[in-house]
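The values are calculated or read from the model by the stated rules, or taken from the named source; none is laboratory data. Predicted model, so just to flag it, every value in this text is computed and none were measured. As a convention, Cβ positions derive from the backbone with ideal geometry for all residues, glycine included, and neighbour counts pool all protein chains shown. Heavy atoms of the whole protein, side chains included, go into the accessibility calculation; ligands, DNA and RNA do not. Shrake-Rupley method; radii C 1.70, N 1.55, O 1.52, S 1.80 Å.
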Amino acid sequence: MKKILLFVVLALIQQVNANAQVFEAIIKDAQTNQGLAYVNVGVIGKSSGTVTDDNGHFKLSLTNSNTDSLRISMIGYMPKTYLVSDFIMHYTPGETIMLVPALHQLAEVKISGRKLKLAVLGNTTQSKSTNAGFTSNKLGNEIGEIIKIKKAPTFLKQFNASLAHSIPDSIKLRLNFYSVKDGLPDKILQQQNIFVTVKKGQEQITVDLTPYNIVVNDKFFVSLEWIKDSNGPGLMFSASLFSSAMISRETSQATWEKEGLAGIGFNVLVSY
């Protein structure tokens, strides 16, 4: 009986792999006709996703489906969503997909005459023995934690993270901030991409957030996203047990999931 079940499972896996096809396209800015680097491309809620390269090119394996949706999104642009079956039906090899820049209006923030206080929120651990890192080597893999604020509005001034070990080669990441809904990341908060390059021998990541004018009125989620292929080992961060749990998603547009008991060493300098 066990052999029959194993045979059926293997047959189903082979069938899925047989139905999957690799699709290639280039994503460009609809106004400038320039290729867009680091666009998120993926099937919503699934582990099939990727990020465009420096020239806006991507490859993605898709299985025909009338229920799954393919989403293409980038901070600063209007996203596009297709039924996977429609995308496959109308696909032409090497096609170009245009994204239209989005118009954003800055929200009005009222500040009282009082002097603002400074605080460091989040996990400040610099442990080298307890660590946590990216959960896969797929482009679009993202990890982070939820941070609670003391008072609204809170102005984000600087992001900090401690590395558990140095890396042999540079790695390019994207720093993201999200609102929180039902204990998981929800909507992106910043209006510009924040790119971070971690260099060989570096032990700390520090990012000045003041140019991005990010203001939060409730708890938020901060994450780092793997956006460019690297030949080196995975990046590991300092972590601590029994703190706010790390949350991750395997690739672009995948489902967010809470990971174990360890909290990752991400923190943010704020004023409020």
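Work through the residues other than Val207 whose Cβ is under 14 Å from its Cβ and net out their charges, Lys, Arg +1 and Asp, Glu -1. Display every interim value, and only then the final one.
Working: positive: Lys157, Lys172, Arg174, Lys199; negative: Asp208, Glu225.
After counting each charged neighbour, the total is +2.
Can you give the accessible area per residue of the chain, in Å², using a 1.4 Å probe?
Details: 14710 Å² over 272 residues.
Per-residue accessible area for the chain comes out at 54 Å².
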Query - Using alpha-carbon coordinates, inclination of helix 2-19 to the longest axis of the chain, degrees - result: 80
Query raised in the report: Within the set Lys117/Lys199; Lys80/Lys187; Lys117/Lys200; Lys128/Lys172; Lys199/Lys228, which residue pairs have Cα atoms separated by over 25 Å?
Result: Lys117/Lys199; Lys117/Lys200
Query raised in the report: If segment 20-111 were replaced by its equivalent ellipsoid, with semi-axes equal to the square roots of 5 times the Cα gyration tensor eigenvalues, what would those be, largest first, whole Å?
Result: 26, 16, 11
**Report entry** Paramagnetic reach from Asn137 in segment 225-252 [backbone N under 15 Å; point 7 Å along Cα→Cβ]
**Finding:** 226-236
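Work out, step by step, the length gained on full extension between Ser127 and Leu184: first 0.36 nm times the residue separation, then minus their alpha carbon distance; give nm to one decimal. Walk me through the intermediate numbers first.
Numbers: separation 57, 0.36 × 57 = 20.52 nm, distance 2.55 nm.
Computed gain between Ser127 and Leu184 is 18.0 nm.
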Requested in this report: Sticking with the crude label model, points 7 Å out along Cα→Cβ, report the distance from Val22 to Lys200 in nm, one decimal please.
Outcome: 3.0
Report summary line: Rounded to a whole number, the Stokes-Einstein D of segment 163-259 in µm²/s (Kirkwood radius over Cα pairs; 20 °C; 1.002 mPa s) is 143
Report summary line: Taking a straight Cα-to-Cα line shorter than 15 Å from Lys157, and setting aside same-chain aspartates and glutamates fewer than 8 residues away, one finds Asp208
**Report entry** Among [x] 6, 26, 32, 23, 10, 2, 0, 0; [y] 6, 22, 26, 23, 15, 6, 1, 0; [z] 7, 31, 37, 21, 5, 0, the entry derived from the coordinates for P(r) over Cα pairs in 10 Å bins from 0, in percent
**Finding:** [x]
